[in-house]
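The next block holds one structure in the form of structure tokens; read it before the comments.
The values are calculated or read from the model by the stated rules, or taken from the named source; none is laboratory data. All values reported here derive from a predicted model rather than from experimental measurement. No Cβ is skipped: glycine too gets one built from the backbone with ideal geometry, and neighbour counts run over all protein chains shown. The accessibility values were calculated without ligands, DNA or RNA, using every heavy atom of the protein model including side chains. Shrake-Rupley method; radii C 1.70, N 1.55, O 1.52, S 1.80 Å.
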Amino acid sequence: VTPAEVEARLAAVREAGSRLRGRPAWVTLDALGGVLDAFRDPRSRWRAELESALPEATGFSRATVREGLSRALAGWSGDALRALVARELGGPAALEPGAPRAAVGFDATAVLLAGSIPMPTLLSMLAPLVLLSPVLVKPASRDPVTPRVVARAIAAADPVLGECVAIADVAGGDAPAMDALLAADCVVATGSDATIAQVAARVAAPRRLVAAGHRLSLAALGDGATRGDALAAVAEGLALDVALWDQQGCLSPIAVLVAGGTAAADRVAAALAAALEQAEKRWPRGRIDAAGAALFAHERAEAELRAAAGRSVAVLSGADQAWCVVREDDAVPRPVASNRFVRVAPVGNAGSITAAIAPLRRHLAGVAMAGFGADGMALAAALVRCGASRICAPGELQAPPLDWRHEGRGVLTPLARFADRETHEAG
Amino acid sequence: VSTADPARAALDARAVAWMREPAAAPDAARFGALALDLFAFQFAHCAPYRRFCEGRGTTPARVRDWTGIPPVPAGAFKELPLCCFPPERALKVFRTSGTATLARGALHLDTLEVYEASLLPSFRRHLLPDLAEGARARILVLAPPPDELPDSSLSHMFGVAVRELGDAGSGFLVKGGELDAATALAALADLERGGGGVAPLLVCGAAFAFVHLLDALAERGVSLRLPGSARVMETGGFKGRARERSQGELYAEIGARLGIPPARIANQYGMTELGSQFYDSVLSEPGAPRRKLSPPWARVRIVDPVTGAASRPGEVGAIVVFDLANTGSVLAIQTADLGRESAGGFEVIGREEGAEARGCSIAADELLGGATG
């Protein structure tokens, strides 16, 4: 699209936004709740469209897409959306003109999408609309499908709302078109540190930038999760967390820290390897590009060489490098290979886990933890201090609740301006 | 060649003899024979490498062709000393730039003779092909001198080049870790006025250092037109050191601020773990397609990362380097870089400009960010 076309679309959604703000906020909220309920329904047209088109567009296997959507959207309902509004804004009344504690969305929000995982796209498009802010969406190059399906679902649910959504396929290197897009009053951007920095340099106050950088997640296991049936269940859950979206998400664990030493880490690595082999049968890994394959092969060979050098390192891997588990001999940060490559590292005890995580705190998103018994509460608190914004059980990482405070902040609040009216006088 | 082991000394001597031949040329048979002999030596003398090869079912007796020599991943140099002598006997240890989060790689050398014998002919052939025998060039280096950064292979390389090929006006323009902008601009302005005489002019350094130089020129509103003999060599990336930019943007800025066109800017592909370097062909083969060329004593294979089999011509794969200058460590190195064959050389395929990650998980190079060394 040309810069002029981007400007025109931005102007059009701004105009449509004024109509949106001219009706009760609960009407919009109900419509958006209906959209979420529709995506949540596995028999809905929209779910079918995503499940049909995403494998080809994104490279994820069909089974992975189906399972990933099913688990992630199970809790993303209209009721969950209304609860989110109540929790963060105090209810839809805050969105009405003249509310004493008002939450005001921006006149228009530009949403710059990244990656090919559909749930962040869905929520990134819906959240500004909850605040009655129309959206102009730049799809990710890796997923041209989801934003269009979401836009059509919104239009089908509520034509007025549908006019508040526009899509602009702006190439990242097209500076004039990007500048036109970034002229929106609020900019939501997801991407690498470099991408975020580039966008931030072009979004000056009073416009608002709501940025989400790339993140990583981990698992932490205590003694109670490293033996017997508990271990089998935990390994199955972690394999699911790793396999879904081929370990490309910020909630995909890249490493498992095991309190209890090498023997416990060995048991966890073996159980996780077996579970990943089973996961590969149910949810095969999708396409892997040359860069991903090269890094995967490099990191596996590097671990094999350390083992050959006499280090206490074990490498377990599936056929055709479909997955790899490296049982490390320390918890030193190493490159993230993704594509179902997991490092299992022994740490001395629960207290050592936070020390191991500390170098990663700037990038940390979620931690799946189990097996710490009475020490679990203290560890969870320590993990929060280390930067974790989500702590859950193994197997739950890929199903964050709708109100997960990603980046340690609200879902809606960063997109709003708040105003407190303390008088009934007009002026 | 000063190594304690006679077998190793003999191998070093064969490599150095080839490197010092005035018209050293590619020779497949010579390369293959020396590679296999060197592999046998390294298999015998580098225990981690031997066990690594054995784990792959490979021994010197089973390898009939240099392409069958198992490559070690470059990242392993961050984890352990890979050398064919006791590490404490190292005369020099070059280290990778390192990061705030991850360890630094280290190349142990018990002699600098092979390293220096390898670097000079490549440097001269690809950057100063017009330098007359016995003449010297003006070499301005945008990197710290070796005495400031003794564990930097890049600084060492520049130091050797200045020593062996540079004239009296050559030198280093980064002092105390900072670009000496005043000196750099004065030197360049003098060259613009013809102060360098007729000696070829080479401005070389790390890409991020060029960004600092260009910023300094921009701040002063200065655009130079350096003599037509001027050329640039740049290498490495920007991570955490300067504003990121594409190679095209960098070359365009160099053209605008220094008056040196892209056809006279050569990129060097090298890494601390390698004794040899690979240069763009633009200066040694002007007019031919830009691609990286290897010295006769090094070979690059582009392989399928999963199977290790050779990629088809033109197909993107992982870069594996076989470098006979790596006599004291391991000659075969598997990188995590991508490339493709191109007209007898190869291209390095960077991450596609503007390419997005598949998801929101952190990428390896982001975790690697925040260079400290």
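Can you tell which of A:372, A:341 is under 23 Å from the mean Cα position of the chain (by Cα) and either β-branched (Val, Ile, Thr) or at negative phi (or both)?
Working: A:372 fails: under 23 Å from the mean Cα position of the chain (by Cα).
Going through A:372, A:341 in turn, the sole match is A:341.
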Q: Could you please find all residues in segment A:106-131 being open to solvent by less than 10 Å² (accessible area, probe 1.4 Å) and over 24 Å from residue A:52 (Cα atoms)?
A: A:108, A:109, A:110, A:111, A:127, A:128, A:129, A:130, A:131
(Q) I'd like to check something: does segment B:161-176 contain any residue that is open to solvent by 30 Å² or more (accessible area, probe 1.4 Å), in contact with a helix residue (DSSP H, G or I) (Cβ under 8 Å, 6 or more places away or on another chain) and free of Cβ contacts under 8 Å to residues at least 12 places away in the same chain? (A) no
Q: Go through segment A:143-176 and give me each residue that's in a helix (DSSP H, G or I) and open to solvent by less than 50 Å² (accessible area, probe 1.4 Å).
A: A:146, A:147, A:149, A:150, A:151, A:153, A:154, A:155, A:161, A:162, A:175
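When you go through B:317, B:308 one by one, which is the residue that is over 25 Å from residue B:210 (Cα atoms), out of contact with any Cys (no Cβ under 6 Å at 6 or more places or on another chain), within 13 Å of another protein chain (Cβ to nearest Cβ) and buried (at least 21 other Cβ atoms within 10 Å of the Cβ)? Give the derivation first.
Values: B:308 fails: buried (at least 21 other Cβ atoms within 10 Å of the Cβ).
Result of the check over B:317, B:308: B:317.
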Q. Using beta carbons and a limit of 6 Å, which pairs, at least six apart or on different chains, have the first residue in segment A:399-426 and more than 21 Å from residue A:79 (Cα to Cα) and the second one among the charged types (D, E, K, R) and open to solvent by 30 Å² or more (accessible area, probe 1.4 Å)?
A. A:420/A:101
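Looking only at segment A:327-338, filter to residues that are surrounded by 20 or more Cβ atoms within 10 Å (Cβ to Cβ) and under 21 Å from residue B:81 (Cβ atoms); which one of those is farthest from the chain's Cα centre (by Cα)?
Step one: filter segment A:327-338 for residues surrounded by 20 or more Cβ atoms within 10 Å (Cβ to Cβ), giving A:327-328, A:331, A:333-338.
Narrowing further to those that are under 21 Å from residue B:81 (Cβ atoms): A:328, A:333-335.
Numbers: A:328: 27, A:333: 22, A:334: 22, A:335: 20 Å.
Out of the qualifying residues, it is A:328.
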Q: Using the structure shown, decide if residue B:67 is away from chain A (no Cβ under 14 Å), among the polar types (S, T, N, Q) and over 24 Å from residue B:206 (Cβ atoms).
A: yes
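Residues are listed down the side, and each one gets a yes or a no for (1) touching a Gly at 6+ places or on another chain (Cβ under 6 Å); (2) more than 14 Å from residue A:259 (Cα to Cα):
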residue: A:351; (1), (2): no, no
residue: A:371; (1), (2): yes, no
residue: A:377; (1), (2): no, yes
residue: A:382; (1), (2): no, yes
residue: A:392; (1), (2): no, yes
residue: A:396; (1), (2): no, yes
residue: A:400; (1), (2): no, yes
residue: A:403; (1), (2): no, yes
Q) If you take the residues of segment A:318-337 that are at pLDDT below 95 and touching a strand residue (DSSP E or B) at 6+ places or on another chain (Cβ under 6 Å), which of them is nearest to residue B:103 (Cα to Cα)? A) A:331
Q: Report, by residue number, each residue of segment A:361-378 that is surrounded by 22 or more Cβ atoms within 10 Å (Cβ to Cβ) and in a helix (DSSP H, G or I).
A: A:363
Q) Does residue A:179 satisfy the condition of being in a helix (DSSP H, G or I), open to solvent by 20 Å² or more (accessible area, probe 1.4 Å) and touching a residue at least 60 places away in the same chain (Cβ under 8 Å)? A) yes
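Residue by residue, here is whether (1) within 26 Å of the chain's Cα centre (by Cα); (2) under 19 Å from residue B:70 (Cα atoms); (3) more than 10 Å from every other protein chain (Cβ to nearest Cβ) holds:
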residue	(1), (2), (3)
B:26	yes, no, yes
B:32	yes, yes, yes
B:36	yes, yes, yes
B:39	yes, yes, yes
B:46	yes, yes, no
Q) Does at least one position in segment B:292-306 carry a residue that is farther than 11 Å from residue B:122 by Cβ, part of a loop (DSSP other than H, G, I, E, B) and not charged (D, E, K, R)? A) yes
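Any residue at all in segment A:67-77 that is without any contact (Cβ under 8 Å) to a residue 40 or more places away in the chain, farther than 30 Å from residue A:173 by Cβ and not in a helix (DSSP H, G or I)? Spell out how you get there, then give the answer.
First pass over segment A:67-77, keeping only residues without any contact (Cβ under 8 Å) to a residue 40 or more places away in the chain: A:70.
After this cut, where a residue has to be farther than 30 Å from residue A:173 by Cβ as well, the list is A:70.
With the extra rule that they be not in a helix (DSSP H, G or I), the set shrinks to none.
Within segment A:67-77, none of the residues are without any contact (Cβ under 8 Å) to a residue 40 or more places away in the chain, farther than 30 Å from residue A:173 by Cβ and not in a helix (DSSP H, G or I).
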(Q) For the list (1) more than 14 Å from every other protein chain (Cβ to nearest Cβ); (2) assigned to a loop (DSSP other than H, G, I, E, B), I need the number of the one condition that residue A:336 fails. (A) (1)
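Checking the conditions here, which among A:201, A:220, A:212 is more than 22 Å from the chain's Cα centre (by Cα) and not aromatic (Phe, Trp, Tyr)?
Numbers: A:220 fails: more than 22 Å from the chain's Cα centre (by Cα); A:212 fails: more than 22 Å from the chain's Cα centre (by Cα).
Being more than 22 Å from the chain's Cα centre (by Cα) and not aromatic (Phe, Trp, Tyr) holds for just one of A:201, A:220, A:212, which is A:201.
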(Q) So, in segment A:215-230, how many residues would count as being farther than 14 Å from residue A:372 by Cβ and in contact with a helix residue (DSSP H, G or I) (Cβ under 6 Å, 6 or more places away or on another chain)? (A) 2
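Could you tell me whether residue B:50 is within 12 Å of chain A (Cβ to nearest Cβ) and without any contact (Cβ under 8 Å) to a residue 12 or more places away in the chain?
Working: within 12 Å of chain A (Cβ to nearest Cβ): yes; without any contact (Cβ under 8 Å) to a residue 12 or more places away in the chain: yes.
So residue B:50 passes the test.
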Q: Considering only segment B:213-223, state which residues are open to solvent by 30 Å² or more (accessible area, probe 1.4 Å) and not acidic (Asp, Glu).
A: B:218, B:220, B:221, B:222, B:223
Q. Can you tell me which residue in segment B:198-212 is nearest to residue B:178 (Cα to Cα), limited to those that are more than 16 Å from the chain's Cα centre (by Cα) and open to solvent by 10 Å² or more (accessible area, probe 1.4 Å)?
A. B:212
Q. Do we have any residue at all in segment A:254-272 that's open to solvent by 10 Å² or more (accessible area, probe 1.4 Å) and within 12 Å of chain B (Cβ to nearest Cβ)?
A. yes
(Q) Suppose we filter segment A:10-23 for residues that are farther than 17 Å from residue A:127 by Cα and in contact with a helix residue (DSSP H, G or I) (Cβ under 9 Å, 6 or more places away or on another chain); how many remain? (A) 3
Q. Taking interchain pairs and intrachain pairs at least six residues apart, which have beta carbon atoms under 7 angstrom, with the first residue in segment B:251-273 and over 12 Å from residue B:290 (Cβ atoms) and the second open to solvent by 40 Å² or more (accessible area, probe 1.4 Å) and of a type in the set (Lys, Arg)?
A. B:259/B:225; B:272/B:95
